[in-house]
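Working notes, beginning with the structure itself.
None of the figures in this text is laboratory data; all of them are computed from the coordinates on show. Worth saying up front: this structure is predicted, and the values here are computed from it rather than measured. Here Cβ is always computed from backbone atoms with ideal geometry, including for glycine, and neighbour counts include all displayed protein chains.
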Protein chains: 2
Amino acid sequence: MRIGELAEKTGVSRDTIRFYERNGLISSSVSDSTTNNYREYKDDCVVILKFYAGAREAGMSIADLRSIMESTADSCDPEVGRRVIQSKISELKERAGQIENVIRFLEKVKNGAN
Amino acid sequence: MRIGELAEKTGVSRDTIRFYERNGLISSSVSDSTTNNYREYKDDCVVILKFYAGAREAGMSIADLRSIMESTADSCDPEVGRRVIQSKISELKERAGQIENVIRFLEKVKNGAN
DNA sequence: TCAAACCATGGATCATTGTCCATTGTTTTT
DNA sequence: AAAAACAATGGACAATGATCCATGGTTTGA
């Protein structure tokens, strides 16, 4: 599919998709046509971009996402890949714990520890 | 206390404290001295800055923190304040949910849904 | 066929969240 | 009293994560 359709399906803007692609988060092929050089995206790009959207909301950086993508590439030693992903999971759990702390603090403030 | 001591106690740098102060996240008085205009910070600044450090890690923005601070000010209707804080709590829970999703996704990838 | 919609590229711009630096003045320490 | 450490101010700089724009080409659909 082309970029417009991908943007449509994922809610991620064309500009942002191009930005992600420049930064190695997503890849595409060049269309077969000899008259244009439109990029062609595969179906799994939809899943990937939706994952990115959630991951960004969860606080992961572009660099985090890139390292995850690289760790799942065929060229990557699967053992290394698992370690990278496990470390990202740990960071996320850490962050979840922080969020819990902040929620507790705010609950206290709300209930008049003021 | 002065800014150096506050930085020391909280792990937040002088520059960052000044940045927060410029942005309405923290307040200080001017020292009594007639010879300098050093700022003077109260003890509760330590607690507040530590809260900020955790909250930033949890993904809250400066604007979020400012609105929380404003909502707990004496000048603010307590009812309004509680609503603001409740909405921030909801956002944090939302974010925690996102993190759970991302973790689940990564667990799957790690276990070879590759 | 011809306008409207789409695409690529490259660069500019923006907001956020700091950090760093120079300058100048004040305390503290020695 | 002189040096070292600290403080205020203001502006420059930086990284991140986008978004916007101009230009020029392509596809589509009315």
Selected from B:99, B:80, B:52, residue furthest toward positive end of dipole (the stretch B:3-110; charges at beta carbon): B:99
Whole angstrom only: what separates the Cα centroid of the stretch A:18-67 from the Cα centroid of the stretch B:39-56? 40
Normalised Cα Rg of the stretch A:3-110, dividing by 2.2 N^0.38 Å with N its residue count, works out at 1.35
Which distances in nm, rounded to one decimal and ordered from shortest, link the label point of residue A:112 to the equivalent label points in the other identical copies, with labels set 7 Å from Cα toward Cβ? 5.9
When each copy gets a label point 7 Å from Cα toward the beta-carbon at residue B:30, what are the spacings between them in nm, shortest first? 6.6
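Once you charge only the Cβ atoms, +1 for Lys and Arg and -1 for Asp and Glu, what is the size of the charge dipole of chain A about its Cα centre, to the nearest 20 debye? Provide the component values of the computation, followed by the final result.
On the way: 18 positive and 18 negative charges, 101 e Å.
Here chain A has a charge dipole of around 480 debye.
Take each complete run of DSSP H in chain A, measure how far its Cα atoms stretch along the helix's own axis, and keep only those covering 15 Å or more with mean Kyte-Doolittle hydropathy at least 0.0; list them. Before the final figure, lay out each step's value.
Working: long enough: A:44-57 (20 Å, 0.61); A:78-110 (47 Å, -0.56).
Within chain A the helices that satisfy the rule are A:44-57.
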Cross-link partners among aspartates and glutamates for residue B:93, C-alpha distance below 14 Å, same-chain residues fewer than 8 apart left out? A:57, A:100, A:107
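Say the cut-off is 18 Å between C-alpha atoms; which of B:9/B:50; A:88/B:110; A:9/B:110; A:88/B:108 go over it? Could you put the intermediate results ahead of the total?
Numbers: B:9/B:50 9 Å; A:88/B:110 11 Å; A:9/B:110 26 Å; A:88/B:108 13 Å.
Going by Cα-Cα distance, A:9/B:110 fall outside the 18 Å limit.
Taking the stretch A:1-95, which trypsin sites (Lys or Arg not before Pro) meet the DSSP loop condition and have no more than 16 other C-beta atoms within 10 Å?
Answer in residue order: A:2, A:42.
With runs of 4+ DSSP H residues as the only contributors, calculate the mean residue ellipticity of chain A at 222 nm using -39,500 (n - 2.57) per run, divided by the residue total and rounded to the nearest 500.
Details: 5 runs with 74 residues, N = 114.
The helix contribution divided over chain A gives -21000 deg cm²/dmol.
Stretch residue B:47-residue B:87 to full length: gain in nm at 0.36 nm per residue minus the Cα-Cα span? All intermediate terms of the calculation are to be shown ahead of the outcome.
Details: separation 40, 0.36 × 40 = 14.40 nm, distance 2.20 nm.
Contour length minus the Cα-Cα distance gives 12.2 nm.
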